[in-house]
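Below you'll find the structure, written out as structure tokens, and then a few comments.
Values quoted throughout were computed directly from the atomic coordinates according to the rules given, and no laboratory measurement underlies them. Since the model is a prediction, treat every value here as computed from it, not as a measurement. Cβ: placed from backbone, ideal geometry, glycine included. Neighbour counts: every protein chain shown.
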Amino acid sequence: MRHTISLLVENEYGMLTRVAGLFSARGYQIDTLCVGPTLEEGIARMTLTTHGNDQVIEQIIKQLRKLIKVIKVTDLTGRPHVEREMVMVTVNARQGEQRQEVLSLVEIFRARVVDVSTDAFIVELTGNAEKVEAFIELLKPIGIREVVRTGTVAITRVAANKVYHPKGNEETFSQLSFDEKV
Amino acid sequence: MNMRGARILIEALRCENVKHVFGYPGGAVLHVYDEIAKSADELGITHYLVRHEQGALFAAAGYAQATGKTGVALVTSGPGGTNAVTGIANAFMDSIPVVVFTGQVPTHLIGNDAFQEADLTGITRSCTKHNYLVKNVDDLAPTIKEAFHVAGTGRPGPVLVDMPKDMTAQLCQFKYPETISMRSYNPTLKGHPAQIKKAVEAIINAKRPVLYVGGGAVTAGAHEEIRLLAEKLNLPVTCTLMGLGAFPASHPQSLGMLGMHGGYWTNMAVNNSDLLISIGARFDDRVTGKLDEFAKGAKIIHVDIDPACISKNVKADIPVVGDARVVCQQMLAEVARQFEAGSKMADRQPWIDQIAEWKRQHPFFYKEENDVIKPQYVIHELHRITKGKAVVSADVGQHQMWTAQLYGFDEPRNWLNSGGLGAMGYGFPAAMGAAVARPKDLVVAVVGDGGFQMSFNELATVKQYNIPVKILLINNGYLGMVRQWQEQFYAHTYSQSDLEVSPDFVKLAEAYGVTALRATKPGEVTHTLEKGLNMSGPVLIEMQVAREENVFPIVPAGAALKDMILQ
């Protein structure tokens, strides 16, 4: 099963290799990885997605916690959180019908056109992995020239039990465990 | 007062109460060695010049294992560090507290493929508990403080501090932090009371319990508590290879060692138990054999200071995270409480009788012969002559297993070996470290002719400092364990395991100025051993033993414990 794991780490040299090295040394796999600073200087946030059975995930979390400079490890899967990734796609958009088709997909997915040329667009989309993949699939027949994806970032919901998200808005695209809890 | 980084290192070692350092100089650590010549004596620190960096790490490990104190090694950049890697990996696998200081090329040259440059923090990342590259001389003292803290607490392990040459040259104010607090590292020492209660209930109610004690119990100094626990609850106790001595081998409740070369009765007891209480052990593959078949009917209590150890190989029913000694103390208090509240222990006599019956059926066995020395007999005699009180450091292979099976360790920290990594060449330098740490005790290195040839260069070291290690060389002219596997599992194809050419070990030792004795007949064993062990200073005692003796019982790799081969 796919798990999204969030880490707070001391932002020291080599921290990324410590985390990545743990995965390769023990035969686990990182599917996506995002690193960025936090509000507190000296602490970085890593969000990674991985997969494995319960025992493997338990080991991954324990081994991550064991790293001396890892401050906190949270398995977000199974608790209320929001996940997003971003993709930029260079897609064919020749004058006429093709251009219209791309624009309507952009509209439906709430994506944005960020660069235009005579026969192509660069479009930008954020959403969870499923939404991003669905979007890419729909663009494929039109002709994708290049795809660049970030990994997943994820954040825990605040007071998740008090907030109501009506079905039908874009949250339905995300496989939120939140939905199971409400 | 401002002082250069090199002096800060020496001052910091003094603050950590370090008395002995094992090391080897080189370009990148010349400032440090200059400072050692100038100030080490006055600060009460003795440096031992080994003859290979790997020996420095093994010596530091032996030093730490024999005392519980953190061992210290100092080597230069590049090849100094890479030579040390096997020793670091050994300390990592066996959770030995060691701090390694490595030189590094000056900061401005890092990454330039400079002379004797190697990315030592990169190379050792997966075999250290943690490592540091000092980039600012102001960080040197706090880094050393943190390094010793990390190495020696929680589940101990090796920590490497890489010091670019300019860091040991620059001046700064020496201020050693008195305390340390890390938001990212706080090992749990005390077990959760609810888990302790559950564990004790399970133990009291078990009909076929076995207490399974590992190296963590030695590290935590839990031997006394474990004995009390075993006696109060009438528990049969087995020790792992790393745990030998955590429970007295001569105790009537002792089952000896379990696993691949464990006793038949021990493995049968473990496999047929209804409750396995693991304290400071990690369910290593050499212990469990085939996992699906391991102690299938047993509930598992797993006490360990490292949460990642618990349920890694075998799913624990009652996990307890904590220091072995603290948890055992909590358990003892809980036992008293439950007995007071009227709990009655399940009847264990049939189980104890059954184990005794297994032991009667298949005890350890070897056939004595008149014309050739049996290696097991040598170990037996070593035990008899030393009354089981020596500090024994084994190398890796058959002799290691015979020593583990037959020496009978009654005290913790008297048994040193490379258990996890299984690094040949460990035995002799580790004994050297132990002898430095415990000058009043008899220290014997039991080594094979294969492993000894990986580290006999340290003969020069023991001679130079008159370190009184007694080297007991079990010479069979083979890589014995390899040969045994080739005999048993590869149809006698002795591929590259026959050491056809070996030196005359007596002459070799004598070339270094080390006294040497040799026995070739069983009748000479006792006399030669007694003579050699009673001499002062380092001595090599060579036993030319039966060439094709095997270690039994043996659980073939990947087989279940119950499928052990008895002879």
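Between B:435, B:480, B:494, whose Cα lies farthest towards the positive end of the dipole of region B:435-567 when Lys and Arg beta carbons carry +1 and Asp and Glu beta carbons carry -1, centred on the Cα centre?
With unit charges placed on the Cβ atoms, the residue in question is B:435.
Can you give the charge dipole size of the protein assembly as shown about its Cα centre, rounded to the nearest 20 debye, using +1 on the beta carbon of Lys and Arg and -1 on the beta carbon of Asp and Glu?
1500
May I ask for the angle, rounded to the nearest 10°, between helix A:15-25 and the longest principal axis of chain A, with both axes built from Cα atoms and the value confined to 0 to 90°?
90
If you count the DSSP beta bridges with both ends in the protein assembly as shown, what percent of them are antiparallel, to the nearest 5?
40
Give me the Kirkwood hydrodynamic radius of chain B in Å, from all C-alpha pairs, to one decimal place?
24.5
Quick one: if you stick a label point 7 Å off each Cα along the C-beta vector at residue B:175 and residue B:296, how many nm between them?
6.5
Over all directions, average the projected area of the Cα convex hull of the protein assembly as shown and note it in nm².
Computing the convex hull of the Cα atoms and averaging its projections yields 39.9 nm².
Set the Förster distance to 25 Å, then compute FRET efficiency between residue B:250 and residue B:530 from the Cβ-Cβ distance, nearest 0.05.
0.70
Pairs B:129/B:175; B:312/B:470; B:521/B:562; B:470/B:562: which exceed 31 Å Cα-Cα?
B:312/B:470; B:521/B:562; B:470/B:562
Using the basic label-point model (7 angstrom from Cα toward the beta carbon), what is the residue B:186 to residue A:108 distance in nanometres?
5.2
Which value, in debye to the nearest 20, describes the size of the charge dipole of region B:193-361 about its Cα centre when Lys and Arg Cβ atoms bear +1, Asp and Glu Cβ atoms bear -1, and nothing else is charged?
So the magnitude is around 200 debye.
Considering just Cα atoms, how many Å³ per residue does the convex hull of region A:1-51 enclose?
Once divided by residue count, the hull of region A:1-51 is 62 Å³.
Mind sorting A:56, B:303 by how few other Cβ atoms lie within 10 Å of their own Cβ, fewest first?
A:56, B:303
Taking a cut-off of 15 Å between Cα atoms, list the aspartates and glutamates near residue B:315, but don't count ones fewer than 8 places away on the same chain.
Within the straight-line cut-off, residue B:315 pairs with A:54, A:58, B:274, B:284, B:285, B:292, B:293, B:304, B:306.
Give a residue-ordered list of calculated ³J(HN,Hα) values for region B:503-514 (Karplus: 6.51 cos²θ - 1.76 cosθ + 1.60, θ = phi - 60°; whole Hz; x for Gly, Pro).
The phi angles translate into x, 6, 5, 5, 5, 4, 4, 5, 4, 8, x, 9 Hz.
For chain A, take the longest principal axis of its alpha carbons; what is the angle in degrees between that and the long axis of helix A:129-139, to the nearest 10 within 0 to 90?
20
Which aspartates and glutamates, if any, have their Cα less than 20 Å from the Cα of residue B:38, not counting same-chain residues under 8 positions apart?
B:11, B:16, B:166
So if I take the alpha carbon set of chain A, get Rg, then get Rh from the Kirkwood formula, what is the Rg over Rh ratio?
Reported Rg/Rh (Cα atoms, Kirkwood Rh): 1.03.
How large is Rg over Rh for region B:2-173, taking Rg from the Cα atoms and Rh as the Kirkwood inverse mean of 1/r across Cα pairs?
Looking at region B:2-173, the ratio lands at 0.92.
Could you list which residues have their amide H under 5 Å from that of residue B:515, counting only those 5 or more apart in sequence or on another chain, with H placed in the peptide plane?
Amide H to amide H, under 5 Å and 5 or more residues apart or across chains, residue B:515 pairs with B:540.
Counting other C-beta atoms within 10 Å, which of A:34, B:127 has the fewest, and how do the rest follow?
Fewest to most other Cβ atoms nearby, the residues stand as A:34, B:127.
Suppose we flag GluC sites (Glu not before Pro) only when DSSP calls them loop and at most 14 other Cβ atoms lie within 10 Å. Which is the longest uninterrupted stretch of chain B?
By the stated rule (loop sites, at most 14 other Cβ atoms within 10 Å), B:179-367.
Could you go through region B:280-286 in sequence order and give the Karplus-derived ³J(HN,Hα) for each residue, using 6.51 cos²θ - 1.76 cosθ + 1.60 with θ = phi - 60°, rounded to whole Hz, and x for Gly and Pro?
The phi angles translate into x, 10, 10, 6, 5, 4, 6 Hz.
Using a Gaussian network model of chain A with C-alpha springs under 10 Å, which one of A:19, A:89, A:114 is most mobile by mean-square fluctuation?
Largest GNM mean-square fluctuation: A:114.
Helix A:97-108: angle to the longest alpha-carbon principal axis of chain A, degrees 0 to 90, nearest 10?
Helix A:97-108 and the main axis of chain A meet at about 40 degrees.
Using 7 Å Cα-to-Cβ label points, what is the residue B:138/residue B:3 separation (nm, one decimal)?
It is 2.0 nm.
Along the three principal axes, how long is region B:332-488 when you take its alpha carbons, biggest first, rounded to the nearest angstrom?
Principal extents (Cα only, largest first): 64, 38, 30 Å.
Take the eigenvalues of the Cα gyration tensor for region B:487-544, scale each by 5, and report the square roots as semi-axes in whole Å, largest first.
29, 16, 9
Along the charge dipole of chain B, which of B:352, B:247, B:21 sits closest to the positive end, that is, farthest toward it, with unit charges on the beta carbon of Lys, Arg, Asp and Glu (+1, +1, -1, -1)?
Result: B:352, furthest along the dipole toward the positive end.
Exposure proxy check: B:181, B:126 ranked by fewest other beta carbons within 10 Å?
Placing the least packed residue first, the sequence is B:181, B:126.
From the residues B:66, B:126, B:171, which one has its Cα farthest along the dipole of region B:2-173 in the positive direction, the dipole being from +1 and -1 charges on Cβ of Lys/Arg and Asp/Glu about the Cα centre?
The residue sitting farthest along the positive end of the dipole is B:66.
Where both residues lie in region B:375-551, what percent of DSSP beta bridges are antiparallel, nearest 5?
Approximately 5 percent, going by the DSSP bridge assignments.
Amide H neighbours of residue B:560 under 5 Å, at least 5 residues apart or on other chains, H built in the peptide plane: list them.
For residue B:560, whose amide H was placed from the backbone, the distant partners under 5 Å are B:290.
Please give the charge dipole size of region B:375-551, origin at the Cα centre, charges +1 on K and R Cβ atoms and -1 on D and E Cβ atoms. Round to the nearest 20 debye.
540
Across region B:553-562, in residue order, what do the Karplus-derived ³J(HN,Hα) couplings come to in whole Hz, using 6.51 cos²θ - 1.76 cosθ + 1.60 with θ = phi - 60° and x for Gly and Pro?
x, 9, 8, x, 3, x, 8, 6, 4, 5
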